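Beneath this line is the structure, given in structure tokens, with notes to follow.
The values are calculated or read from the model by the stated rules, or taken from the named source; none is laboratory data. Values in this document were obtained by computation on a predicted structure and should not be read as measured data. Cβ placement follows ideal geometry from the backbone for every residue including glycine, while neighbour counts extend to all protein chains displayed. We work out accessible area using only protein heavy atoms, side chains counted, and drop any ligands, DNA or RNA first. Shrake-Rupley method; radii C 1.70, N 1.55, O 1.52, S 1.80 Å.
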Amino acid sequence: MYEVTGSLGPIYNCHCSKCRRWHGSAFRTRASINKNQFKWLNGAENLSSYKSSENVTKFFCKTCGSPLISTYENKPDILGIPLGGIEGITDANIEAHIFVGSKATWHKITDSVPQFENWPGSEEAVRKTNT
């Protein structure tokens, strides 16, 4: 169990194949936060991780398999966090669908949120925080 304080960075729906596989879904809804906004309340001993790419390490619960956070070697003070694990979010405005160039062939995006084949201009936009 963890706690997030303060506001989330911009929220994106990521359709890349890694996020789809990690979440077992058509996309991962995620935001970035500063590391100091995050605190483990209990269960940290149940963490496991894997390096999903050269720069990214994913952490998950080794008991239930829930995806928890992502860390970035080039941005050690930033965490990526899936919104599916956070209770009480009331104002989640999605900035964009990203990596739609590799989205699931069976999924059709039907909203008017902007779509990007890859990054929305740059990786920096996705790693931005609000505090």
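Among the residues of region 56-79, which ones are polar (S, T, N, Q) and over 15 Å from the mean Cα position of the chain (by Cα)?
Passing the criteria: Thr63, Asn74.
Can you say whether Ala26 is of a type outside the set (Asp, Glu), under 14 Å from the mean Cα position of the chain (by Cα) and not in a loop (DSSP other than H, G, I, E, B), as far as the supplied structure shows?
In short, no.
When only residues in region 119-131 that are part of a loop (DSSP other than H, G, I, E, B) and out of contact with any Ser or Thr (no Cβ under 9 Å at 6 or more places or on another chain) count, which is least open to solvent (accessible area, probe 1.4 Å)?
Of the residues in region 119-131, the ones part of a loop (DSSP other than H, G, I, E, B) are 119-122, 128-131.
Next cut, out of contact with any Ser or Thr (no Cβ under 9 Å at 6 or more places or on another chain) only: 119-122.
On the way: Trp119: 90, Pro120: 24, Gly121: 77, Ser122: 47 Å².
The extreme case among them is Pro120.
How many of the residues making up region 52-65 are exposed (fewer than 14 other Cβ atoms within 10 Å of the Cβ) and farther than 20 Å from Glu124 by Cα?
Filtering region 52-65 down to residues exposed (fewer than 14 other Cβ atoms within 10 Å of the Cβ) leaves 53-55, 62-65.
Narrowing the set further to residues that are farther than 20 Å from Glu124 by Cα leaves 62-65.
Within region 52-65, residues that are exposed (fewer than 14 other Cβ atoms within 10 Å of the Cβ) and farther than 20 Å from Glu124 by Cα number 4.
Which count do you get for residues in region 1-22 that are part of a helix (DSSP H, G or I) and crowded, with 17+ Cβ neighbours inside 10 Å?
Going through region 1-22 one residue at a time, the tally reaches 3.
What number of residues within region 75-118 satisfy the criterion of being open to solvent by 70 Å² or more (accessible area, probe 1.4 Å) and not in a loop (DSSP other than H, G, I, E, B)?
5
Restricting to region 59-105, count the residues that are among the β-branched types (Val, Ile, Thr) and either in contact with a strand residue (DSSP E or B) (Cβ under 7 Å, 6 or more places away or on another chain) or on the phi > 0 side of the Ramachandran plot (or both).
8
Within region 29-42, which residues are assigned to a helix (DSSP H, G or I) and either open to solvent by less than 50 Å² (accessible area, probe 1.4 Å) or small (Gly, Ala, Ser) (or both)?
Gln37
Please name all residue pairs, on different chains or six or more residues apart, with Cβ atoms under 9 Å, provided the first residue is in region 39-53 and is under 20 Å from Glu3 (Cβ atoms) and the second residue is of a type in the set (Val, Ile, Thr) and open to solvent by 90 Å² or more (accessible area, probe 1.4 Å).
As it stands, the answer is Gly43/Thr63; Asn46/Thr63, since those pairs meet every condition given.
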